[in-house]
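The values are calculated or read from the model by the stated rules, or taken from the named source; none is laboratory data. All figures in this text were calculated on a predicted structure; none of them were measured in a lab. Note that each Cβ is placed from the backbone with ideal geometry, even for glycine, and that neighbours are counted across all protein chains shown. Ligands, DNA and RNA are stripped out before the accessible areas are found, and what is left, the full protein with its side chains, is counted by its heavy atoms. Shrake-Rupley method; radii C 1.70, N 1.55, O 1.52, S 1.80 Å.
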Amino acid sequence: MKMRIPILKLKDCLIVSIQWELDDQTAISFQEDLLEKLHTTSARGVVIDLTPIDFIDSFIAKVLGDVINMSGLMGAKVVITGIQPAVAITLIELGIRLENVSTALDLENGLEKLERELEG
Amino acid sequence: MNIDSVDIVTEWDIVAARQLGRNEAKKVGFGTVDQARITTAISELARNIYLYTGKGNIAIKEVTEGNLKGLLVIASDEGPGIADVRRALEDGFTTSGGLGAGLPGVKRLMDDFKIETVVGEGTKISATKWLR
Amino acid sequence: MNKQIAGYINEHLDEILERWTIKMEDEKDDRFFQIMSEKVIDNTVREFGELVVFSLTESEEVYRVKLNDFSVKIVRYGWSVTFVLKALTNFTHVLYDKMNEDGYLNEQNIISYTEIMTNWITPLTHSIVEAYSNVWDRTVHLQKMALQELSASLIPMFDKISVMPLVGTIDTERAKLIMENLLHGVVKHRAEVVLLDITGVPVVDTMVAHHIIQAADAVRLVGAKCMLVGIRPEIAQTIVALGINLNDFTTTSTMQRGVEKALALTNRAIVEVKDK
């Protein structure tokens, strides 16, 4: 069984809300789907909301990092929102700093931040 | 004493192992941050088994030592073993193209960490998190 | 003979305690006799004597309650374990001397006397030391909890700006606690900027700096910005001397400057209002 993560379009931004635990396969098809959607919509920004996610291991972190870099190559800025305190602490202890990743507290703040960055 | 285990053969078993870990951690009474630490550590260990050895097992059990209660995670496999344990525990060392957070990351996430490995026979990693 | 000894002690309690007090006062270095009022010393000494008698005459239950009350008291007064043990030894010596002087002891009963004293004093010592250490453990535990509670709380200052003052030495365990409180506070108060105030941290070595950098990284991941304020001159010197890189950080010397920067980051400023 394969679950697909829905990707919504709002003006020239894409919004992704990850609602359940990511297994490796879902993570990889999400990467493909997002890049495909960026290509077809020529969106300039992406917000990925991780509020319901209660852990991120090094594999998922790598997929996320890759998605951000690949989106950058395609001309889109990515903001990650809603990383939970427990998730942030485990990432730091794992030694994953996700440098140069733009973050915001929640989806709303994330969209505002994206708008500001796209204007600036 | 409570023992539960998951055989790691497919990618889906990684998900099963960490779900088991999360449930056990909740049962023992760990807070959300420690639950995330334990779940993440199990995910890293299970993925190591899946990527490098093909077949192995993750066992999770509640342990006590004096007044301390904790959760012990044992990852065992019959894979190639680790030739250079010291290097495997160095930050940034990876042979899989991942972020290289694997074992040193697990060591930081848990309280006790022990690794026994014989080249050609397999590896057993025991990691414990104590309830504060 | 058991009852006899108890009766004897009860009868001569005042004199025994007086002698005992004099003997204990020789332990000049004990603070108890130096700082406590005469009345407190008198009461405590009497209570100790009563406790000793209780252990011979009363039921186990009554004795336990009394023992616990007494232990709580002497821990609060700052008696050391050494002092407690000396007190017991001295008490037996005084009792022996006194009974001997009064001719209560003779060749026939000296053996059973010794036996009773041994069977009595040893468990008594154990129970007192045990009660003492239990009370002490509890005290330490409570103090540790109190320390943890005051160790790190995030204070909302303005909308979107929160402050966490750090006071005291930071070890690994506290660093973890600080990080958790910091992150949960940021999410709860929806802070966009957090000021981490290290004015009250006496030493910033490589380890403390490492913890602070990690905390700031984690704050960035949940979507806020962490600023370090309260950097004293000697802290700035050690940070540079140790080669710690805080370049990715916004740092300021005072809270005031920090607040100004935090306001600027959230597109606000403090303006003076002219009198009308």
- Restricting to the range C:190-210, what's the tally of residues that are crowded, with 19+ Cβ neighbours inside 10 Å and either β-branched (Val, Ile, Thr) or within 14 Å of chain A (Cβ to nearest Cβ) (or both)? 8
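Here's the yes/no breakdown for (1) within 9 Å of another protein chain (Cβ to nearest Cβ); (2) open to solvent by 10 Å² or more (accessible area, probe 1.4 Å); (3) among the charged types (D, E, K, R):
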site	(1), (2), (3)
B:Val33	yes, no, no
B:Arg37	yes, no, yes
B:Arg47	yes, yes, yes
B:Lys55	no, yes, yes
B:Lys61	no, yes, yes
B:Lys69	no, yes, yes
- Filtered residue count, the range C:94-109, keeping only those that are touching a Phe, Trp or Tyr at 6+ places or on another chain (Cβ under 9 Å) and either assigned to a loop (DSSP other than H, G, I, E, B) or open to solvent by 30 Å² or more (accessible area, probe 1.4 Å) (or both): 4
- Note on the structure: Exactly one of A:Leu98, A:Leu94 is crowded, with 23+ Cβ neighbours inside 10 Å and without any contact (Cβ under 8 Å) to a residue 40 or more places away in the chain, and that residue is A:Leu94
- Note on the structure: Those residues of the range C:51-71 that are open to solvent by less than 50 Å² (accessible area, probe 1.4 Å) and over 16 Å from C:Trp120 (Cβ atoms) come to a total of 2
- Message: Exactly one condition in (1) surrounded by fewer than 14 Cβ atoms within 10 Å (Cβ to Cβ); (2) away from chain A (no Cβ under 14 Å) is false for B:Glu90; which is it?
- Response: (2)
- Among the residues of the range A:1-29, the number that are assigned to a helix (DSSP H, G or I) and either closer than 18 Å to A:Lys77 by Cβ or more than 13 Å from the chain's Cα centre (by Cα) (or both) is 4
- Task: Identify the single condition in (1) open to solvent by 40 Å² or more (accessible area, probe 1.4 Å); (2) of a type in the set (A, V, I, L, M); (3) away from chain A (no Cβ under 14 Å) that B:Leu51 does not satisfy, given that it satisfies every other one.
- Result: (3)
- Task: Filter the range A:1-30 for residues that are crowded, with 17+ Cβ neighbours inside 10 Å, out of contact with any Pro (no Cβ under 8 Å at 6 or more places or on another chain) and closer than 25 Å to A:Lys113 by Cβ and give the result.
- Result: A:Ile5, A:Ile7, A:Cys13, A:Leu14, A:Ile15, A:Leu22, A:Ala27, A:Phe30
- Query: Considering the range B:15-31 alone, what residues qualify as being more than 9 Å from chain A (Cβ to nearest Cβ) and either buried (at least 17 other Cβ atoms within 10 Å of the Cβ) or within 20 Å of A:Leu91 (Cβ to Cβ) (or both)?
  - Reply: B:Ala17, B:Leu20, B:Gly21, B:Glu24, B:Ala25, B:Val28, B:Phe30
- Message: Being farther than 27 Å from A:Pro85 by Cβ and either of a type in the set (Asp, Glu) or open to solvent by 10 Å² or more (accessible area, probe 1.4 Å) (or both) narrows it down to one residue among B:Ile74, B:Ile8; which is it?
- Response: B:Ile74
- Query: Which residues, taken from the range C:35-49, are assigned to a helix (DSSP H, G or I), in contact (Cβ under 8 Å) with a residue 24 or more places away in the chain, surrounded by 15 or more Cβ atoms within 10 Å (Cβ to Cβ) and not polar (S, T, N, Q)?
  - Reply: C:Val45, C:Glu47, C:Phe48, C:Gly49
- Message: I'd like to check something: does the range C:256-266 contain any residue that is in a helix (DSSP H, G or I), surrounded by 12 or more Cβ atoms within 10 Å (Cβ to Cβ), within 14 Å of another protein chain (Cβ to nearest Cβ) and modelled with pLDDT of 90 or more?
- Response: yes
- Close pairs from the range C:72-83: first surrounded by fewer than 16 Cβ atoms within 10 Å (Cβ to Cβ), partner among the hydrophobic types (A, V, I, L, M, F, W, C) and not in a helix (DSSP H, G or I), Cβ under 8 Å, at least 6 apart: C:Tyr77/C:Met36
